[in-house]
Amino acid sequence: MAVNGFGVTEFQLFLLRRMADYHPELVEEAVRRLGATRASMREANKRWQAMVRSPRFPRGAARYAAVLGPAEASRPRRIGDLACTARQWALPLWPELRFEVLLGPAEIGAPVLNEWLVRADGAPPPVLRTAADLAPWNCVVGDVGTAFPGAVPREGSAPTRLRLDFAAPGADGRVRCWTADFTWGLLQEVREAGPGG
């Protein structure tokens, strides 16, 4: 499945482009695994941006189906009083994760409420006991929220980014406050929270 040559590989390159600010070495390795180049990653990002701005390109979940094919899973999910739908696609770069699109209620046009990588059903999460266990790309937002209850989400520095503030033991066993940065729901970095949070 692809639209004008833009398919699963190009979509993964688009996701990687948004992660390159944090760990270019991980992105470089992933680009190589896809048989691509940095130039093709930049081109994939440019093409996706052009497609989503085009009035002819599908909206909502249909845009993802156009490039990724039919969703692997589609299930109802309640968010407060909203009856939503979560659709998921497998991506070769992250076999234990799924790209999930959360859609709002159909009666208001099923808008996309969120789009990110989540843990695949049945895929065991990493063991997270201390902040030192959180390595780049080894977990998603839900993994950290489950391991450290009370984690508080915050807006990130861009629309595809999110932050979690949480308390966890450091390498010395002392519990401290931390901030984790995610891109597309995938962990990028963890740092000790300063006095200002």
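The values are calculated or read from the model by the stated rules, or taken from the named source; none is laboratory data. The shown structure was predicted, so the numbers you read here are calculated from the model rather than taken from an experiment. A quick note on method: Cβ atoms are made from the backbone with ideal geometry, for glycine too, and the neighbour counts reach across all protein chains shown. Just so you know, the surface numbers come from the protein's heavy atoms only, side chains and all, with ligands and any DNA or RNA stripped out. Shrake-Rupley method; radii C 1.70, N 1.55, O 1.52, S 1.80 Å.
The table below gives the values:
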{"item": "Members of the stretch 68-93 that are of a type in the set (A, V, I, L, M, F, W, C), under 25 Å from F57 (Cβ atoms) and either open to solvent by 50 Å² or more (accessible area, probe 1.4 Å) or in contact with an Asp or Glu (Cβ under 9 Å, 6 or more places away or on another chain) (or both)", "result": "A73, A86, W89, A90"}
{"item": "Residue satisfying all of: in the stretch 95-138; closer than 18 Å to F182 by Cα and part of a helix (DSSP H, G or I); least open to solvent (accessible area, probe 1.4 Å) among these", "result": "A131"}
{"item": "Single condition P55 does not satisfy, out of (1) open to solvent by 50 Å² or more (accessible area, probe 1.4 Å); (2) assigned to a helix (DSSP H, G or I); (3) more than 24 Å from V190 (Cβ to Cβ); (4) not hydrophobic (A, V, I, L, M, F, W, C)", "result": "(2)"}
{"item": "Any chance G35 is open to solvent by 50 Å² or more (accessible area, probe 1.4 Å), under 24 Å from N138 (Cα atoms) and not charged (D, E, K, R)", "result": "yes"}
{"item": "Test: residue in the stretch 163-182 that is closer than 25 Å to L34 by Cβ, open to solvent by less than 40 Å² (accessible area, probe 1.4 Å) and modelled with pLDDT of 95 or more", "result": "yes"}
{"item": "Residue in the stretch 30-40 that is assigned to a loop (DSSP other than H, G, I, E, B) and touching a residue at least 40 places away in the same chain (Cβ under 8 Å) present", "result": "yes"}
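Here's the yes/no breakdown for (1) in contact (Cβ under 8 Å) with a residue 40 or more places away in the chain; (2) more than 25 Å from Q12 (Cβ to Cβ):
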residue	(1), (2)
G122	no, no
P126	no, no
S157	no, no
D165	no, yes
Q188	yes, no
